[in-house]
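Undergrad: Okay, here's the structure, questions in a sec.
Laboratory data are not the source of any read-out in this text; all were calculated from the coordinates shown. Everything numeric here is computed off the predicted structure, so don't read it as measured data. So basically every Cβ, Gly included, is an ideal-geometry build from the backbone, and we count neighbours across all protein chains shown.
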Amino acid sequence: MAIIETRDLTYTYGTGTPFEKMAVDHVNLSIEQGEFIGVIGHTGSGKSTLIQQLNGLLRPTSGTVLLDGKDIWAEPKNSGSTLSGGDGVSVPGTPTF
């Protein structure tokens, strides 16, 4: 089972404006535990937008991001749960409050 998966992931900047730009276009991706990946492409090709969707900084225009089979946007998150994973265990390199 994939640890991170995307299904028809899409992100559009400036939706409904004359400057509308599709940065990520129906991406399907599956990353298995222990796997290393790289994202390469030209400037402006959507690399950073894709990564920001994978780590939950940008909500997709459409499609889903799954972490351990669960949609990361399906349920509201409690404040602060992203730093610790919600289980009280600190992630190395993150501040503990």
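Undergrad: Taking the beta-carbon count within 10 Å as an exposure proxy, list Val24, Val39 from fewest neighbours to most. Before the final figure, lay out the partial values.
TA: Working: Val24 23, Val39 12.
The order, fewest Cβ neighbours first, is Val39, Val24.
Undergrad: For region 2-84, restrict the atom set to alpha-carbon positions and state the Rg and Dmax in Å.
TA: 13.5, 42
Undergrad: How far is it, in nm, from the label point at Phe19 to the one at Asp68 when both lie 7 Å from their Cα along the line to the Cβ?
TA: Placing both labels 7 Å beyond Cα along the Cβ direction yields 4.0 nm.
Undergrad: Shifting gears a bit: Give me the one-decimal nm value for the distance between modelled label points at Thr12 and Ser48, 7 Å along each residue's Cα-to-Cβ direction.
TA: 2.2
Undergrad: Placing unit charges on C-beta atoms (Lys and Arg positive, Asp and Glu negative, everything else neutral), compute the dipole magnitude of region 2-84 about its Cα centre in debye, rounded to 20.
TA: 260
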